[in-house]
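Here the structure is laid out as structure tokens; the discussion comes afterwards.
Laboratory data are not the source of any read-out in this text; all were calculated from the coordinates shown. Source: prediction; values computed, not measured. So basically every Cβ, Gly included, is an ideal-geometry build from the backbone, and we count neighbours across all protein chains shown.
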Amino acid sequence: LPVLVQGVVVVGPKKVKAAENILDFYRQQKTSEWCLELHAVRNQGLWESVSGYARIFIDGEMQPLPVGSSVRVYGRAARPSAPLNPSEFDFQRHSQLKRVLTIVRVRNWSSVVFCRDKQTITLAGCIDWLHQRCLKRLHEIVPESNQPLASSLLLGAREALSQQTVNAFADTGSAHILAISGLHIGLVATAVFYVLRLFGCSLRISWLIVIIVVTIYACLTGGAIPVVRATMLMWVAGLGVWTRRRFVGLHALAIVGIVLLLWSPASIVSVGMLLSFLATAVLISLGVWCRDHWGDDSITQLAKEKRSWIQRILYRFFDASRWFVLLSASVWIVSVPLVIVGFHRFVPIAIGTNILIAPLLPCVMASGFVCLVSVFLPVSVCKPLGDAAGFFFDLLERVVEMLASIPGSSVRAHTLPTWWVLCWYIVIVLFLLQLCYQAKLVKRRHAFGTETVSKGPEILALRRKILVFGVILLGVGMLGISLQSMPKTFQGNRIIVSSMGHGCGIVIKTEGGQCLVYDAGRIGASGAALRSLRAVLNSEGIHTIQSLVLSHADTDHFNAVPGILKEFRVEQVIVSPHFLRSSSRSARRVHELFVELGVPIRTVLRGDVIPVGLSCTARVLHPQCTIDTAIHSDNENSIVLDIDFDSKRVLFTGDIEGVALRRLMAMGLPRCDVLIAPHHGSRTGLPQEIVAKVHPFVIVVSGSGGRDWPFVSQAFYKGWDGVRAVLRTSGGSPKNRGAISITVFDNTMTVEQFSPTGWHSML
């Protein structure tokens, strides 16, 4: 929809991450993104007042656009998309939480006009100016190869990070350090506090300056919810220092949680936010308990004082290491279920990663912060600082990549049942409550002056309780492992036609858990295709694909394949001989990728059979056994499959059209219950003729049907009067878009379509 809007820039332009492989040929042009607070929209020659925010995507070289600028933008508007596949990320809900109700795509910067009479200087504009200065300083003094990681760790600018680097941090359980979080706030606060105390500042003044610096840094990095949470905790701690009152850590965390819940109710229950709060709660609980319960008595302190200085250093080092391992393991234990549920990933190496990078991370962040502080100094003076920071950033990246290369560092996991997750956290909560009870007993004993009483029986009783809870937690964990390793069985065979836009991604799941995927791509960016197909596979608990069939050499049918190969185990790829002979650059690159990864390639022709499961077989109907010189296009060489589900049949047609389709129909096509319409439901797929030949009850179009859809829709019904439903995965209205599921069980076929509210029966 063409629109002309006016508003104020609230987030400056950022580069959209460029395509990293040749399959994303639609994203090779440079694009930037920024956010506009809408004030007015043009409607039939009149300006109407509006509110909310819009994300602006604009093609061309990124140009400076200060925050606070009043601009008019001409482009094409669309709403953020709702989830059209099960388990898919809800961009619409995510955008609504931020009041971003519109996406505007702009052809070039000439469509952006400044309203110079309305330029204003705002606090947000000053913060954005400082952010850009800091980013520029990093690019000036940090070595080029280390700039993406430096920008991400220090300022939260992740758009320049390569996907390989992001995957390496995710596979080692250290992805949290790439996004600005409470860890960064804590490091900044600690560094500033000790520097101020070193120079003789009083405790109150030191905390006041710490709060000011932390608040500025939080604004500088975008003010994400975890950052706001950590900043508010710093405010509470600083308030306690100034009022000479000690606030209990968990009480402060609860207050901050309530404030954030009132401010942004939906965002606080996201997986990332829950992980952040859980980790903070565990660290506070264990820290307070260890301080109150395992404090040294006077005899132990006297014995420590008589040790040599080398012994004291070694004992302190071992004590610190022991507690750090305990804290790392505790955070990992409480986060495992949420990571599996939210990201379908189990990262056993995360504890080791945290232990290895813990000594390095303060050096990395300190050297980076020094670079930021030097923003107003000459570049020539600060160049050595950038080189030193580059060394630490490079070392961190190398350590993470080395750990990520270890086999088994990260494995995919099935979504765990809700009851299991609840059991896990109930045990942990009971254990933490027991620790709090023990801490209260210790405080009461100290209050009555009995701290010199022997702690032997008390520690022994506590160890027994810890052992009991540990055994229970181990039992729940073993149950989770058994649930993961159990063979998955399902009631009936199922086909899910994913909603991929103009593309195709069909998943077959049999009763025994076997999986065949027919095509994996869409026109446009491969990332969108991968997200859609990944969501469907995850929702079905599939991590191994027995057969990946690529119908033909059009990129909109396989540009998600590189991502699928990285995230899922593929036992074999099935293509036609014409695919391997294709002159397409993308097809050649995918073929090379199969060879690099050692994925077996099987070529099929008419008459071949692809076993899918005990009750499911796929027979190849096309291409023909002999090379037909009259057929040249990739579409006409599509693999056509006849899927036999015991008593039901489904016909996969790819993009077959024209001469090849007419010849195939002349040779005879079997009758089917469901027809996946050729060529995304276009006129060239001969809709009336093929329906008259195969007599389907249900016709599924993978796409929108194109501009000829009214004609094609009528042609389907004219072909055979037994057609009961014609469904599209990407129709023009919310009622006719979404993934389509065909389930065959006990000789009964059910057809459902997915919407943001769940599956709905269509037949």
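Side notes on the structure shown:
- What you get for the chain, charging only the Cβ of Lys and Arg (+1) and of Asp and Glu (-1), is a dipole of about 2080 debye around the Cα centre.
- When the Cα atoms of the chain are aligned to their principal axes, the ranges along those axes come out at 97, 70, 45 Å in descending order.
- In this Cβ point-charge picture (+1 for Lys and Arg, -1 for Asp and Glu), region 2-120 has a dipole of about 140 debye about its Cα centre.
- Of all beta bridges that DSSP places with both ends in region 493-761, some 70 percent have antiparallel geometry.
- Listed residue (704, 598, 647) projecting farthest to the positive dipole end of region 493-761, Cβ model: 704
- Listed peptides 647-660, 56-69, 331-344 by packing density, highest first (mean Cβ within 10 Å): 647-660, 331-344, 56-69
- Under the Debye formula (equal points on every Cα, no solvent term), log10 I(q)/I(0) of region 493-761 at q = 0.17 Å⁻¹: -1.46
- Charge tally in the Cβ shell below 13 Å around residue 602, where Lys, Arg are +1 and Asp, Glu are -1, residue 602 excluded: -2
- When the Cα positions of 108, 6, 92 are compared along the charge dipole of region 2-120, 6 comes out farthest toward the positive end, with charges on each C-beta of Lys, Arg, Asp and Glu.
- Calculated P(r) tail over 25 Å for region 2-120, as whole % of Cα pairs: 26 percent
- Region 309-334 and region 397-414: distance between their alpha carbon centers, rounded to Å: 24 Å
- Under the convention that each Lys and Arg Cβ holds +1 and each Asp and Glu Cβ holds -1, the size of the dipole of region 493-761 around its Cα centre is about 400 debye.
- For region 634-763, the equivalent ellipsoid derived from the alpha-carbon gyration tensor has semi-axes of 22, 18, 13 Å in decreasing order.
- Computed from the Cβ-Cβ distance with R0 of 45 Å, the FRET efficiency linking residue 44 to residue 129 stands at 0.75.
- Fraction of antiparallel bridges per DSSP, the chain only, in percent to nearest 5: 75 percent
- Pairs beyond 19 Å (Cα-Cα), from 693/718; 15/136; 30/383; 136/383; 14/383; 14/136: 30/383; 14/383
- Euclidean distance between Cα centres, region 737-763 to region 557-634, Å: 28 Å
- Full-extension gain in nm, residue 243 to residue 324, via 0.36 nm per residue minus C-alpha separation: 26.0 nm
- Cut-off 12 Å between beta-carbons: net charge of the residues surrounding residue 81, Lys and Arg +1, Asp and Glu -1: +2
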